[in-house]
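*Asks:* Quick one: this structure, given as structure tokens, is what I'll be asking you about.
The values are calculated or read from the model by the stated rules, or taken from the named source; none is laboratory data. Here the structure is a predicted model, which is why all the values come from computation and not from measurement. Positions of Cβ are backbone-derived with ideal geometry, glycine not excepted, and every protein chain shown enters the neighbour counts.
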Amino acid sequence: MKEAIIKLFNDIFNYNSKGNLYFSPGRVNLIGEHTDYTGGLVLPFGIDKGTYIFAVKNNSSKINIYSDNFKDGIISIETESSMIKKSHWSDYFKAVLYVLSNDSYSINSGFDAVIAGNIPDSAGLSSSASFEMVSMICLLDQNGYTIPQPGSEKMVELSLKGQQAENQFIGLQCGIMDQFACANAKKGQAIELNCDTLSFQYAPLETGEYEILVINTNKKRRLEESKYNERRLECEKGFELLKKLGITEKKLGNVGLDRYNTVKDGINDELLTKRLDHVIQENERVKKAVENLKNNDIMGLAKQINVSGDSLREKYEVTGFHLDLLVDIARSTEGVIASRMTGAGFGGCTVNIVQSGKLEQLCNTISNKYTNDSGIKPDFYSFNAGNGTCKLF
Ligand code: GLA
């Protein structure tokens, strides 16, 4: 990537210069889906694919950036002007600049930069959070700020700013999982994160004779933002009802399953009961999944992942035809022990646990059946758990 992105810079800006290269990975969430914004538990890992920015100072206050993924020319941004959203990829960069500037960082050094990434777009693998986090460290480093290490307190703070960029400028009321996972990922490890306290632990992602396989439905996500925000509101409404029933916890994600079961009958709202069931039971599943992972109990982990998937489909209703089809096909294929949607849902990818020895054969079977039934060819990714957001040089 290093040589390719430097060459791209020369081609686009027509000059050679020393510069800096920054990286942030995407993420896959193993389990703990749609729990982060309730202060619940999640278990994601950073992948070995991500977004790179190569930047060279230009002695002005203007930032000129080119995206290799979109190839739509150089975008110029004046660091001191107010940021305007344009439904364009550069909104994510502006969102970060907006949050940093509003937060007393002094960002006024311009630079020329190219962005290149190898995370499939709109696949639920956090290409946006990856772009936000890499933009953030690029902006900070180019303006003389020190870049913290993944996993440090300061990097945790930066991931919160990434989330703010998304919430305040982009308008997606996402939780903290994606920015946190991209920023603080660690090679070979999953991250067990409490989204309320932000306390976290790394858990080795060792799966023995099995491996994690991500499969892309290649169905672009639609309606995702409005449905996502709708689910979040439903959780808030449901939590208000629980409070009326005597629940005293500060966040929905803190409500234990036993306590919930004692008041559940009083909810009297079928839809909200389904949403609450999912969130509260999912937290229990994450706890079990973490134990399973620590004890090398891959079958146990697979079970939790499957039950989580069923709950997202039936109770949280964030799947859809393509995700359901791909999960059904995978689960009926020899060598697959777990399959469920990952990320926000409504399209995107599934996360699967499969027998390494049967990988080629099972990919062929799944690909043929899914293409036959949906008319779309799926893509398969065997990601490794990689490191978090960093300055490479
Ligand atoms: C998206 C959001 C995350 C999280 C997941 C669902 O990826 O950005 O904050 O809510 O959906 O688990």
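*Asks:* Of the conditions (1) at pLDDT 95 or above; (2) buried (at least 20 other Cβ atoms within 10 Å of the Cβ); (3) in contact with a helix residue (DSSP H, G or I) (Cβ under 7 Å, 6 or more places away or on another chain), K219 fails just one. Which one is it?
*Replies:* (1)
*Asks:* Residues being among the small types (G, A, S) and over 24 Å from the mean Cα position of the chain (by Cα): count how many of those fall in region 47-92. Outline the logic, then answer.
*Replies:* Narrowing region 47-92 to residues among the small types (G, A, S): 50, 55, 60-61, 67, 73, 76, 81-82, 87, 90.
Filter again for over 24 Å from the mean Cα position of the chain (by Cα), leaving 55, 60-61, 73, 76, 81-82.
Matching residues across region 47-92 total 7.
*Asks:* Okay, moving on. From the set of residues in region 16-40 that are more than 11 Å from the ligand (Cβ to nearest atom) and small (G, A, S), which is farthest from F54 (Cα to Cα)?
*Replies:* This residue is G39.
*Asks:* Let me ask something else about it. If we scan region 6-20, do we find a residue that is buried (at least 23 other Cβ atoms within 10 Å of the Cβ) and not in a helix (DSSP H, G or I)?
*Replies:* Checked region 6-20: no residue is buried (at least 23 other Cβ atoms within 10 Å of the Cβ) and not in a helix (DSSP H, G or I).
*Asks:* Related question: Among the residues of region 41-91, count how many are closer than 30 Å to E211 by Cβ, more than 16 Å from the ligand (Cβ to nearest atom) and not in a strand (DSSP E or B).
*Replies:* 2
*Asks:* Another question, then. Restricting to region 312-349, what's the tally of residues that are more than 11 Å from the ligand (Cβ to nearest atom) and either free of Cβ contacts under 8 Å to residues at least 12 places away in the same chain or of a type in the set (S, T, N, Q) (or both)?
*Replies:* 6
Condition check ((1) away from the ligand (no atom under 16 Å from the Cβ); (2) touching a residue at least 24 places away in the same chain (Cβ under 8 Å); (3) within 15 Å of the chain's Cα centre (by Cα)) across all residues:
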residue	(1), (2), (3)
L97	yes, yes, no
P120	no, yes, yes
S126	no, yes, yes
V134	yes, yes, yes
I147	yes, yes, no
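*Asks:* Any idea how many residues of region 251-271 are under 25 Å from the mean Cα position of the chain (by Cα) and either closer than 20 Å to E317 by Cα or in contact (Cβ under 8 Å) with a residue 60 or more places away in the chain (or both)?
*Replies:* Of the residues in that region, 4 qualify.
*Asks:* Among the residues of region 1-59, count how many are acidic (D, E) and in contact (Cβ under 8 Å) with a residue 60 or more places away in the chain. Reasoning before the result, please.
*Replies:* Step one: filter region 1-59 for residues acidic (D, E), giving 3, 11, 33, 36, 48.
Next, from what is left, pick out any that are in contact (Cβ under 8 Å) with a residue 60 or more places away in the chain: 33, 36, 48.
Residues flagged as acidic (D, E) and in contact (Cβ under 8 Å) with a residue 60 or more places away in the chain within region 1-59 amount to 3.
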